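The values are calculated or read from the model by the stated rules, or taken from the named source; none is laboratory data. Predicted model, so just to flag it, every value in this text is computed and none were measured. All Cβ positions, even for glycine, are placed from backbone atoms using ideal geometry, and neighbour counts span all protein chains on display. Areas reflect the complete protein model, heavy atoms only, side chains present, ligands, DNA and RNA absent. Shrake-Rupley method; radii C 1.70, N 1.55, O 1.52, S 1.80 Å.
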Amino acid sequence: MLAQLQELLDQGRASAAALTTAAQLDEWYSTYLGKKGALTTVLRGIGSLPAEDRPQAGKDANTVKVALEELYRARSEAIEREALQAELASGALDVFLPGRPASLGMMHLSSQTLREITAVFSRMGFGVLRSPEVEDDNTNFQLLNIPPHHPARDMWSTFYTDQPGLLLRPHTSPGQIYAMKKFAPEPFRVILPGKCYRYEQVTSRSEMMFHQVEAIAVGENITMGDLKGVLTYFARAMFGSERKVRLRPSYFPFTEPSAEVDIECYLCEGKGCPMCKHSGWLEILGSGMIHPQVLRNGGYDPERYSGFALGMGPERIAILRHNITDIRYFFGNDLRFLEQFA
Ligand code: PHE
């Protein structure tokens, strides 16, 4: 009996050492200590021993039972501890991993272009003014020589609000009125950059929101020659010193005479290509000599003062400089586009 018990304990000890999972441990328990386990079988055999041997056998069996139970407890603790350690190790924070690099912001291409334009004009002595994006009909149209119901209003597809007379400006030209009223009757020159809105089909060539930069100069003896000089300086600063500039007669209600300004196509250098629609020229802005009535509306006597104004789209300028195929990229927030200009 004793030998049998000893063997049972040895076996139990050896097999317990190899247990690694809770399921294996359960199985081990039923093999050795369960109702149908090895120890129970041995205990059952005690009854058939001679009466004088039974107490000793019972004692021995109990010692082995306690030893097996202790084995079970120790192994079960060890397995639990190992499982916990494995779990901790797998979810561990490695404090030595390098951090994720913080992504540095960059200036939007429109802002970059606006800054460049501002820099070029400031070299010619132009200051910078801001004017409202939500505008009234009077400043946006009437003071610029565009009466209500005049067909010239169709040149600007305008967002109107449900408040009568209040609209989103479709161009920065109402800024001319603010600038003149601010400086009258002194001579001045400023640019007015800002956002504009147009109620138009959004296409690769036109967005419903975009920027414009208005430039205006008012003083005595300001002529079309001054306008042309400023335009040439600007175009060469932005597009290269060899770039040819052309003024083409045009119409705006608030300038007289008016001119649209083209630069020689930089892709084909004037030979004609799809970019310039085979004309050799690319339109970059509208301009003209401020209409006498508009000067008067701004507080200047047109007998004494004259001035020029021009308005350009910085997105259009960036499109031409970088050969961008679609204006919608500017405000589509796609980093793959924006990061090209970092
Ligand atoms: N405001 C005009 C436009 O948006 C451009 C312009 C500005 C023309 C100044 C003449 C003088 O089309």
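Note on segment 1-78: percent of Cα-Cα distances in each 10 Å bin, starting at 0 and stopping at the bin with the largest distance, equals 19, 51, 22, 7, 0. Using the Cβ-Cβ distance between ASP26 and PHE331 with R0 = 45 Å, the FRET efficiency computed as 1/(1 + (r/R0)^6) comes to roughly 0.10.
Look at the alpha carbon pairs under 8 Å that are at least 6 residues apart: their mean separation over the length of the chain gives a relative contact order of 15 percent.
Loop-located chymotrypsin sites (Phe, Trp or Tyr not before Pro) in segment 70-145 (DSSP state other than H, G, I, E, B) with a sparse environment of at most 10 neighbouring Cβ atoms within 10 Å: PHE96. Among the GluC sites (Glu not before Pro) in segment 30-77, those located in a DSSP loop and surrounded by at most 10 other Cβ atoms within 10 Å of their own Cβ are GLU52.
Segment 1-159 has equivalent-ellipsoid semi-axes of 98, 21, 10 Å, by the square roots of 5 times the alpha carbon gyration tensor eigenvalues, sorted largest first. Loop-resident chymotrypsin sites (Phe, Trp or Tyr not before Pro) (DSSP state other than H, G, I, E or B) in segment 147-199 with no more than 16 further Cβ atoms inside 10 Å of their Cβ: TYR199.
Charged neighbours of ASP226, selected by a Cβ distance under 14 Å, balance to +1 (K, R count +1; D, E count -1).
Check every DSSP H run in the chain and write down those whose alpha carbon atoms cover 18 angstrom or more along the long axis and whose mean Kyte-Doolittle hydropathy is -1.0 or greater. Helices passing the filter in the chain: 2-17, 54-90, 109-123, 224-239. If R0 is taken as 41 Å, the Cβ-Cβ distance between ARG304 and ARG205 corresponds to a FRET efficiency of 0.50.
Protection proxy ranking of 317-323, 44-50, by the mean of other Cβ atoms within 10 Å over each peptide's residues and highest first, is 317-323, 44-50. Taken about its Cα centre, the chain carries a charge dipole of roughly 720 debye when the Cβ of each Lys and Arg holds +1 and the Cβ of each Asp and Glu holds -1. Using a 1.4 angstrom probe, figure out how much accessible area the chain has per residue, in square angstrom, rounded to the nearest whole. Solvent-accessible surface per residue comes out at 56 Å².
Treating only the Cβ of Lys, Arg, Asp and Glu as charged (+1, +1, -1, -1), what charge dipole size does segment 2-87 show about its Cα centre? Round to the nearest 20 debye. Walk me through the numbers on the way to the answer.
Details: 10 positive and 13 negative charges, 62 e Å.
Approximately 300 debye in magnitude.
Listed by chain and number, the lysines whose alpha-carbon sits under 21 Å from that of LYS228, ignoring those within fewer than 8 places in the same chain, are LYS244. The figure for ASP162 is an accessible area of roughly 150 square angstrom, using a 1.4 Å probe on the protein chains alone.
Over all projection directions, the Cα-based convex hull of the chain averages an area of 33.0 nm². What number comes out for the charge environment of ALA83, summing +1 per Lys or Arg and -1 per Asp or Glu over other residues with Cβ under 13 Å away? Net charge around ALA83: -2.
Of the accessible area of segment 2-87, computed with a 1.4 Å probe over protein heavy atoms only, carbon and sulfur atoms account for 55 percent.
Taking all protein chains together, THR325, THR223, THR139 sort by accessible area into THR325, THR223, THR139, largest first [probe 1.4 Å]. The label-point distance for MET1 and SER111, in a model that sets each label 7 Å from Cα toward Cβ, rounds to 9.3 nm.
Reducing segment 271-293 and segment 1-62 to their Cα centroids gives an inter-centroid distance of 103 Å.
Measuring with a 1.4 angstrom probe and ignoring ligands and nucleic acids, ARG54 comes out at about 100 Å² accessible.
Candidates LEU143, PRO257, ALA237 compared by Cα position along the dipole of segment 109-341: farthest toward the positive end lies ALA237, with charges placed on Cβ.
Couplings for segment 155-165, taken from phi via the Karplus curve 6.51 cos²θ - 1.76 cosθ + 1.60 with θ = phi - 60°, read 5, 10, 6, 9, 7, 9, 9, 7, 9, x, x Hz in order; Gly and Pro are left as x. Positive contributions from Lys and Arg (+1) and negative ones from Asp and Glu (-1), summed over other residues with Cβ under 13 Å from the Cβ of ASP334, come out at 0. Taking every C-alpha pair closer than 8 Å and separated by at least 6 residues, the mean separation divided by the residue count of segment 2-87 gives a relative contact order of 40 percent.
For the chain, modelled as a GNM whose springs connect Cα atoms under 10 angstrom apart, the maximal fluctuation among ALA102, ALA22, ALA179 occurs at ALA22.
When the chain is described by a simple charge dipole with +1 on each Lys and Arg Cβ and -1 on each Asp and Glu Cβ, the residue from ILE284, PHE330, SER15 located farthest towards its positive end is ILE284.
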